[in-house]
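Encoded as structure tokens, the structure appears first; notes follow it.
The values are calculated or read from the model by the stated rules, or taken from the named source; none is laboratory data. What you are looking at is a predicted structure, and each value in this text was computed from that prediction instead of being measured. All Cβ positions, glycine included, derive from the backbone under ideal geometry; neighbour counts span all protein chains shown. These accessible areas exclude ligands, DNA and RNA; they are computed on the full protein's heavy atoms, side chains included. Shrake-Rupley method; radii C 1.70, N 1.55, O 1.52, S 1.80 Å.
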Amino acid sequence: MAGETRKTIVNSWNEWDPLKHVIVGVADGCMIPPSEPASECKIPIDSDMKGKWGPRPQETVEKANIQLDNFAKILEDRGIRVDRPTPLDFSQAVSTPDWEMLSMFGCMPPRDVIVTVGNEMLEATMSYRSRWFEYLCYRPLIEQYYKEDPNMRWEAAPKPRLTDASYKPGYLSRVMTNEDRLKLTAAKDFVTTEKEPLFDAAEFARFGKDIVIQHGFTANLAGINWVSRHFPDLRIHAMNFPGDPYPIHIDCTFIPLRPGLVLNNPIRHVLPEHRKFFEMNDWEIVEAAPAAHENPPPLCYSSVWLSMNVLVLDPKTVCVEASEHATMEQLEKLGFEVVPVPFRDAYPFGGGLHCATTDVYREGDCEDYFPKQVEGF
Ligand code: NVA
């Protein structure tokens, strides 16, 4: 069946089963949002975006869209159905009764906003004010899926108020250097408070019956607890990774590749008690190869570790950014067919190949890959 004519069924339990239907973001109208309590601490000190806001240069939007469209075509040529979100006018100001933002962000990274767990698509709470309304870009698709698939569950996590009480006052003044940040994040002292449940969808790494959620700047324990109570039949594990000064989204840190194999960022450490859980269930955690670049492209929020932000198409095939030679070689040695995808022009708009997608359908059911569980994890 050609990718585009595939019938709608929502089903995806992990990050590796054969992918048949996916959403790929678009770069149209993407903004650098004005400063807000979340971004003050979450944007790296030396970022070229500090103090800047407004529309991104149009020629960069066009270049990003060329790579996003090409990525969509590569997937379609492999028989995968690809749908695209509907951008809003992200330059407009938005407000709730609690706050006003002079612009929104964009809709290049669907992974940040929507997570599919089995037959459910769940809209995340989100944790930035500028991204509070981003779910609206996906509503036309989700409404369509909901009509077409009678078994689909459509859920939205409670929208957070994101008042100043959701962010620690004075956090920024405590993080003058990178070492300060590393100390705080290793101690799980993050910018977000526990005032209300918060999570971005990109903090999820799905392993069937087990889901890992990164506890960091964009998911708090209240959010992880909400997810546990929302999925009572699944086992939700909070992980944090000392060594990351900006723990935002798990998919440059800990990437499941296939049953028994996870790729881990070599400078963002898996705690020994967490490693034990994987190893006692016969999972191997391998260190990712070095990134090819010393710096991310201009006006990019993410680190060079987008090198490991790969999209697994099935347990033997993986899409990797085309300039990341060490990563490609590593994955080939691990037995994968590697599909190179040029994507660096799209990075500034919200990340890499994993960020720019969200699963709608992967073959396969909910499997238990971790029969040995550890109390309290
Ligand atoms: N915060 C991560 C990006 C995750 C897609 C990083 O910059 O490494």
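The table for this structure:
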item	result
Whole-Å distance, taken between Cα centres, linking the stretch 235-289 and the stretch 308-322	17
Unpaired by the 4.7 Å Cβ criterion, cysteines found in the chain	CYS30, CYS41, CYS252, CYS300, CYS319, CYS355, CYS366
Set of aspartates and glutamates near LYS50 by C-alpha distance (under 12 Å), chain-local residues within fewer than 8 positions excluded	GLU36, GLU40
Packing rank of 68-80, 14-26, where each peptide gets the mean count of other beta carbons within 10 Å, highest leading	14-26, 68-80
Interchain or long-range residues, amide H under 5 Å from ASN11's placed H	TYR361, ARG362
Largest to smallest principal axis extent of the C-alpha atoms in the chain, angstrom	50, 44, 42
Solvent accessible area, Å² - SER323, 1.4 Å probe, full protein context	40
Under 17 Å from LYS52, Cα to Cα: lysines that are on another chain or at least 8 residues apart	LYS42
Neighbour-limited loop hits for trypsin sites (Lys or Arg not before Pro), the stretch 245-332 (at most 15 other Cβ within 10 Å; DSSP other than H, G, I, E, B)	LYS316
Assigned charges on the beta-carbon of Lys, Arg, Asp, Glu; the stretch 103-196 dipole about Cα centre (debye)	340
Of the GluC sites (Glu not before Pro) in the stretch 297-377, those whose Cβ has at most 10 other Cβ within 10 Å and which sit in DSSP loop	GLU375
